[in-house]
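Sharing a structure here in structure tokens format.
All of the numbers you see were taken from the coordinates with simple rules; none came from a lab. From a predicted model like this one, the values you see are computed outputs, not experimental measurements. Positions of Cβ are generated from backbone atoms using ideal geometry, with glycine treated the same way; all protein chains shown enter the neighbour counts.
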Amino acid sequence: MNILVLNSGSSSLKAALIDTVSGNTRLELSLERMLDQPIIKCKGTSFNLVLEGRKKLLEKALDHLKGQCSDHEIHGLGHRVVHGGEAFSQPILIEDEVEKTISDLAKLAPLHNPLNLLGIQVAKAAFPSMPHIAVFDTAFHCTLPKRARTYALPKELAERHGIRRYGFHGTSHAYVAELAAQHLGQDLRQLNIITCHLGNGCSMAAIEYGRSVETSMGMTPLEGLVMGTRSGDIDPGILIYLKDRADLTLSGLDDLLNKQSGLKGLSGISNDMRDIIEKASEGDEDCRLAMQVFAHRVRKYIGAYAATMGGVDAIVFTGGIGENSAVIRHRIAQRLDFMGALINEDKNTDVELSHENPVADFAMNHSRVRLLAVKTNEQLSIAQQSAKLIAEENKVNTLPPIPVAISARHMHITQETLEELFGKGYQLTEKKPLSQPGQFAANETVNIVGPKNTIERVRILGPVRSKNQIEISRTDEFFLGIDAPIRESGKVVNSPGCVVVGPKGKVTLNEGVICAWRHIHMTPEDAALFQVKDRDIVEIKIENGERSLTFGNVLIRVSPKYKLEMHIDTDEGNAAEIGRNAMGALVLTSKEAHLKSRRI
Ligand code: AMP
């Protein structure tokens with residue numbers, strides 16, 4: 001498909017017509033300097049416009065674009081939208097209700113969403129018969145666990161104003177993580193990756209088995225790393241202090257933190273890392289410090305994210321600085337030997353990325369953690385996501401419903417552990433069969449002892465397995481005093497352990513306690529019917545009386561041994577007030593998922 005990608009920002013509009021199969025850009029247009037000397041650049045030529053209202057300028061640019069596009073078939077438009085709030089976790093066809101939600105979200109992103117929306121409205125008028133798709137910067141981070149997305153502010157206040165961490169640059173983080181996984185020849189959902197998007201705006205993400213579990217930008221794109229002109233993390237007390245001492249108004253503080261800080265503020269000369277590196281090499285102390293503060297902050301986050309995920313397989317560098325600056329990559333990645341990341345200085349210096357070679361590995365051959373520079377391409381990603389949605393939007397959902405089951409806390413056990421707890425040669429005995437063929441709830445139960453409390457009579461599920469695994473709910477983990485990660489069954493590496501007590505003994509497990517990732521079991525035949533594959537992530541909508549709930553981030557598990565069923569834990573079941581015999585529907589289009597449905 002040919003998708004016209006539009007990014008309507010504060011002082012510019014960028015447009016690109018992209019062939020989603022070859023990845024080639026067929027046409028590019030930009031409208032720049034909208035606020036002082038508007039200029040359109042297209043096909044190597046440029047011409048000035050008279051300074052007039054933003055809407056008029058956009059109309060002229062799109063009119064020109066339309067003329068230029070006439071030689072090409074266009075299948076739809078993809079719009080970059082900065083803030084999707086809690087409403088949007090994936091791209092969506094822009095209908096009136098969606099426009100209204102994007103407009104409502106302006107309260108969270110007053111500098112971005114209104115301008116994105118204006119671009120959408122002008123483009124809809126220019127291309128009225130085309131599908132227009134919104135792709136959100138925040139969407140990829142919708143999987144942040146509560147503990148990572150919650151600020152320590154009074155709950156009621158935070159909820160009333162939508163104050164939480166959302167994260168940004170999601171399209172780029174997701175795109176480069178996928179390219180990195182392909183380069184490593186592995187499924188992204190088998191890897192723990194730290195992505196560093198270092199451009200004019202900078203952010204990082206911890207991507208655990210394919211899901212964003214931490215990211216450095218927060219409610220706004222101001223939090224986290226040092227950026228071109230943004231401060232990133234500072235002590236919020238400084239604002240209170242400055243308000244009185246420096247007599248700064250709120251808009252003065254806004255300007256200070258967003259436009260006068262970061263590399264620009266530190267160096268006193270430029271927001272561009274190239275200028276700073278050059279001056280630093282000539283001996284400018286302020287520029288040297290700017291580079292040091294910049295790299296130190298990224299290193300600090302790498303350590304934090306490695307700890308968050310309990311290990312890391314690859315660290316990815318992208319964005320203008322991450323892709324192009326060997327000096328900054330060196331400053332960040334040196335002395336990470338302690339965590340198994342060994343930089344190869346020659347390879348780092350030689351990194352040269354292109355469309356044809358978008359990934360370069362600059363770690364030593366024997367480095368356990370791979371260090372990768374990856375060329376990001378947000379426009380291509382927006383085009384591909386839009387094309388996928390356009391192809392799906394016409395589908396009619398005639399799929400069968402999926403039974404939903406609530407799984408209570410339980411333990412999977414090895415024969416060895418079973419014998420330690422119940423005596424030599426002990427065999428599990430069946431209490432009742434489970435819905436998944438061959439599996440059963442055993443008569444045997446154990447006590448799970450955590451640092452804080454004990455949960456008694458936790459049922460063992462049979463038959464025995466090759467690894468011990470205890471699946472508990474969020475409520476259970478808090479009661480036990482354990483921070484368990486959300487994992488798919490079988491992925492217990494770096495999870496916490498506990499003590500398990502049986503009638504004949506007790507065992508201390510070093511790992512194995514997880515909160516189960518909500519999932520659907522299905523056979524290969526079901527998978528063909530639903531057009532999904534093993535380990536895909538889908539959304540499921542459950543109609544529950546008056547209410548409609550959409551469960552995002554549901555993992556597909558395919559095996560000939562399975563029977564079609566979705567499993568959620570007791571907390572999720574309670575939160576959604578789902579009882580027995582509930583049925584879910586696979587969401588085919590984002591419209592089905594988002595409108596008139598609460599997301600869980
Ligand atoms: P982006 O926002 O991803 O386009 O990144 C833009 C920024 O990347 C610029 O402001 C520069 O600071 C930085 N950049 C681009 N090329 C280089 C380079 N060769 N060395 C250092 N920084 C660079």
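Could you calculate the FRET efficiency of Gln182 with Lys563 from 1/(1 + (r/R0)^6), where r is the beta carbon distance between them and R0 is 22 Å, rounded to 0.05?
Rounded to the nearest 0.05, the efficiency is 0.10.
Could you check what % of the DSSP bridge pairs in segment 394-486 are antiparallel, to the nearest 5?
Close to 80 percent.
Then there's this: Within straight cross-link reach of Lys56, meaning Cα distance under 17 Å, which aspartates and glutamates are found once same-chain residues fewer than 8 apart are removed?
Here the aspartates and glutamates satisfying the reach criterion relative to Lys56 are Glu32, Asp36.
If you take the charge dipole of the chain about its Cα centre, with +1 on Lys and Arg Cβ and -1 on Asp and Glu Cβ, which of Ile482, Gln90, Ser367 is farthest toward its positive end?
After comparing all options, I get Ile482.
Taking the Cβ of Gln385 as the centre, find all other residues whose Cβ is under 14 Å away and add up their charges (Lys, Arg: +1; Asp, Glu: -1).
Combined, the nearby Lys, Arg, Asp and Glu give -3.
Charges only on Cβ, +1 for Lys and Arg, -1 for Asp and Glu: so what's the dipole of segment 45-183 about the Cα centre, in debye to the nearest 20? Before the final figure, lay out each step's value.
Numbers: 16 positive and 15 negative charges, 129 e Å.
Charge dipole, segment 45-183, about its Cα centre: 620 debye, nearest 20.
Could you tell me the extents of segment 39-175's C-alpha atoms along the three principal axes, largest first, rounded to whole Å?
That works out to 53, 31, 29 Å along the principal axes.
Find, to one decimal place in angstroms, the Kirkwood hydrodynamic radius of segment 368-491, where the mean of 1/r is taken over every pair of different Cα atoms and then inverted.
Computed over segment 368-491, the radius equals 18.7 Å.
Quick one: 3J(HN,Hα) in Hz for segment 79-89, Karplus 6.51/-1.76/1.60 with θ = phi - 60°, rounded, Gly and Pro as x.
In residue order, the calculated couplings are 10, 7, 10, 5, 10, x, x, 8, 7, 10, 10 Hz.
Which of Val587, Val374, Val501 has the fewest other C-beta atoms within 10 Å, and how do the rest follow up to the most?
Least crowded to most crowded, the residues run Val501, Val587, Val374.
Report, for segment 1-140, the % of DSSP beta bridges that are antiparallel, rounded to 5.
If I count the DSSP bridges inside segment 1-140, around 70 percent turn out antiparallel.
Run the numbers for Gln531 and Gln436: contour at 0.36 nm per residue of separation, minus the present Cα-Cα distance, in nm.
My answer for the length gained is 32.1 nm.
Among Phe168, Phe422, rank each residue by its count of other Cβ atoms within 10 Å, from fewest to most, as a rough exposure measure.
On the way: Phe168 29, Phe422 19.
Lowest count first: Phe422, Phe168.
R0 = 45 Å: FRET efficiency of Lys243 with Thr508, Cβ-based, nearest 0.05?
Computed FRET efficiency for Lys243 and Thr508: 0.25.
In the chain, what percentage of the DSSP-assigned beta bridges are antiparallel, given to the nearest 5?
The antiparallel proportion sits near 70 percent.
Sticking with this one: In the neighborhood of Ser267, defined by Cβ-to-Cβ distances under 13 Å, what is the net charge if each Lys or Arg adds +1 and each Asp or Glu adds -1?
My count for the surroundings of Ser267 gives -3.
In which sequence would Lys66, Lys424, Lys375 go, from the one with the fewest C-beta neighbours within 10 Å to the one with the most?
Exposure proxy ranking, most exposed first: Lys424, Lys66, Lys375.
Given a Förster radius of 22 Å and the C-beta distance between Ser103 and Glu59 as r, what FRET efficiency does 1/(1 + (r/R0)^6) yield to the nearest 0.05?
The calculated FRET efficiency here is 0.70.
At a 10 angstrom cut-off on C-beta neighbours, averaged per residue, how do the peptides 156-163, 110-117 rank from highest to lowest? Walk me through the numbers before you get to the answer.
Values: 156-163: 12.0, 110-117: 19.9.
Most protected by this proxy first, the peptides run 110-117, 156-163.
Looking only at Cα atoms, what is the convex hull volume of the chain per residue, in Å³?
That works out to 179 Å³ per residue.
Also, quick follow-up: Once the other residues with Cβ under 13 Å from the Cβ of Asn258 are scored (Lys, Arg +1; Asp, Glu -1), what is the net sum?
Every neighbour counted, the sum reads 0.
Sorted by average packing, counted as other Cβ atoms within 10 angstrom per residue and highest first, what order do 174-184, 447-457, 362-372 take?
In decreasing order of mean packing, 174-184, 447-457, 362-372 become 174-184, 362-372, 447-457.
When the helix-only estimate is applied to the chain (DSSP H runs of n ≥ 4, each -39,500 (n - 2.57), divided by the residue count), what is the mean residue ellipticity at 222 nm, nearest 500 deg cm²/dmol?
Calculated from helices alone, the mean residue ellipticity at 222 nm is -9500 deg cm²/dmol.
Report relative contact order for the chain in percent, whole number only (criteria: Cα-Cα under 8 Å, sequence separation at least 6).
Relative contact order of the chain: 10 percent.
Using +1 on the beta carbon of Lys and Arg, -1 on that of Asp and Glu, and nothing else charged, what's the dipole of segment 380-478 about the Cα centre, debye to 20? Intermediate results must be reported in sequence, preceding the final value.
Numbers: 12 positive and 11 negative charges, 23 e Å.
With Lys and Arg at +1 and Asp and Glu at -1, about 120 debye.
Roughly how many debye, to the nearest 20, is the charge dipole of the chain about its Cα centre, given +1 on each Lys and Arg Cβ, -1 on each Asp and Glu Cβ, and no other charges?
Charge dipole of the chain: 1000 debye, to the nearest 20.
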